[in-house]
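Quick note: the coordinates plus some simple rules give every number you see, no bench work behind them. Since the model is a prediction, treat every value here as computed from it, not as a measurement. Cβ atoms come from the backbone with ideal geometry, glycine included; neighbour counts cover every protein chain shown.
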Amino acid sequence: MSNNYYEYIGPDKLKICGENVEKILNRSTTKEASKVINKIGSYNNVYWDESYGKVLVETNRTGTFEREKNRFFKETGWNLEIYKNPYSEMVNKVRRLIYEYEGRYEFLKKVSRNVRRAGDSSWIRISFLGGGKEVGRNSIFIQTPRSKVLLDCGINMKTSKGPLPAPEMDIKQLDAIVISHSHLDHTGGIAKLYAQGYRGPVYATEPTIALMRLLKRDLYRLKENPEFNKSSIDKMINHCIPIEYRDMKKIAPDIHMELYNAGHLPGSAGVLLDINGKQLFYTGDFDDRNTKLLPPADHDLPPLDVLITEATYSHESIPSQKKVERELIKTVDKTLSRDGTPIISTFAIGRSQEILSLLLENGYKNIYIDGMICEATKIVGSYPDYIKPNLDGEYQYIYSEKQREEAIENNGIIVTTSGMLTGGPIQYYLDHIGDKSKNTLILPGYMVENTPGNKLKEGENPIHINGKQLEIELEVKQIRFSGHADRSGLWSFLHKIEGSPETYVIHGEKENCEKLSQEINEKLGWSANAPKNLDAYRT
Ligand SMILES: [Zn+2]
Ligand SMILES: [Zn+2]
């Protein structure tokens, strides 16, 4: 790893620069600097990212602004970053919570002091607090004599239980939490740590932070006895430090971190830790395939000493992207040709934007999105650098029953929640047009056992959603999209790795984790384990 990383900017320099920038933005300083800002044209909001020494200017002007950026840096010592005007209220709110948090200056000063502690770095201890022989609830506690870092802090999606309490995990001594992506099986337990008094940083990409707030607020709304409240969610956002892919950052006295695109969700990342010269890579959830929404995961890694990998589909083959995309288009066309309504019921984040991109690319005009997909799409569309397509295309948001009626009358293509038919607007559509065989329900995701979606797929009819009995007459079609690498994807990733890393296989059914770790051991000769929760290893 190169040593060319941003250090936290010291308080004195910060103060001088901050005032200077403010003057410039008020156009009351040198002619040269004012010209730089004028060149950008009208801007929406301006934020000071003190952790990076960056000034974020939101504007709808496009361009690289390279000359302006260079001049701005010369004039002020700050890096100028141009962001697209967000059309998501959630993104605005998250930026305000982060950059305008009144305690931010003190918080960053504390973080900066903390990462400079001296001491010994003779060992690394890795404890698995969740995600061991189970799909999700990832939570990995990394310790050295000087540093304590938590990678992800998820909940089990079936039981809602968070990471297991390990005696060595004292939140008062925790240096940092790093989040791979926004899914609750990786983030669901963090707000509880803030409710319990943790006030250290959370590092993640900005789309992950915004999507995490969306999902956490939804979890709070749905859960009967949440162990956190809305204010602990926002406390958590106050303490987030957004980080971009491939920007190395010192996060603890002997740990540097770099995020790699994981191809799983917008903003999703694999985490590379340089722990006093030893390289540890945690895959998070990853997809090695090129989808309409995201490029494949980046895995141009340095030689590794430790690897922690997911194993969701380690023993399954998933149909190719091209095949499932063709099948979806064919099903939509067939339904429209018989005057029916195609209803695509899917996950709000990632999958729905992927399908929306596919529909837009194929020239469909009459597209409607409903449920949490509306806000999720606005968030994802506000981060064009993290996705492949432009999501500014023509489609309509549904916010009321009247709009739902219109969408049905117009024979629209409806993309709605939820992925497993557990609730949300899909209940309305099945209730109103689920009894007509000309319509089609397309289920493009994985379905957990015992969910209404899975029961319907298995042929059960009628089904029950939130206690309501629904007689289903429309055509039901499952098309297997996926956000994870399958068996061949996992192996092509493993074959790319240099070195013989100690390997830990997590985030998979018990059998899959055990089998994959055994195969890695036999085929690659690496020392591999499928840890149980609360297992700890010293390296
Ligand atoms: Zn996961
Ligand atoms: Zn995930």
If you average 1/r across every pair of different Cα atoms in region 94-156 and take the reciprocal, what Kirkwood value do you get, in Å?
14.3
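Work out the length of the dipole vector of the chain about its Cα centre, built from +1 on the beta-carbon of each Lys and Arg and -1 on the beta-carbon of each Asp and Glu, and round it to the nearest 20 debye. Could the numbers behind the result be given before it?
On the way: 72 positive and 73 negative charges, 256 e Å.
Dipole size: approximately 1220 debye.
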Measuring from centroid to centroid over Cα atoms, what is the spacing of region 190-228 and region 474-513 in Å?
27
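Order these peptides, 109-116, 171-178, by their mean beta-carbon neighbour count within 10 angstrom, highest first. List each step's numbers first, then the result.
Numbers: 109-116: 16.1, 171-178: 19.2.
Descending mean neighbour count gives 171-178, 109-116.
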With a Cα-only, solvent-free Debye model of the chain, what are the log10 I(q)/I(0) values at q = 0.10, 0.11 Å⁻¹?
-0.85, -1.01
Options 393, 335, 493, ranked by Cα towards positive dipole end of the chain, top entry (Cβ charges)
393
Could you give me the ³J(HN,Hα) list for region 149-162, computed from phi with Karplus coefficients 6.51, -1.76, 1.60 and θ = phi - 60°, whole Hz, x at Gly and Pro?
10, 10, 9, 6, 7, x, 10, 6, 6, 7, 9, 6, 7, x
I want to verify the translational diffusion coefficient of region 194-246 in µm²/s; compute it with Stokes-Einstein, Rh as the Kirkwood radius over Cα pairs, at 4 °C and 1.567 mPa s.
111
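Volume per residue, Å³, of the convex hull around the alpha-carbon atoms of region 321-478?
On the way: hull volume 16.9 nm³, N = 158.
Dividing the Cα hull volume of region 321-478 by its residue count gives 107 Å³.
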Taking a quarter of the surface of the convex hull around the Cα atoms of region 386-507, what do you get in nm²?
11.2
Assuming a strict under-25 Å limit between Cα atoms, what lysine pair count do you get for region 48-153 once near-sequence pairs (fewer than 8 apart, same chain) are dropped?
15
If the cut-off is 17 Å between C-alpha atoms, which lysines fall inside it for residue 455, apart from same-chain ones fewer than 8 positions away?
158, 468, 477
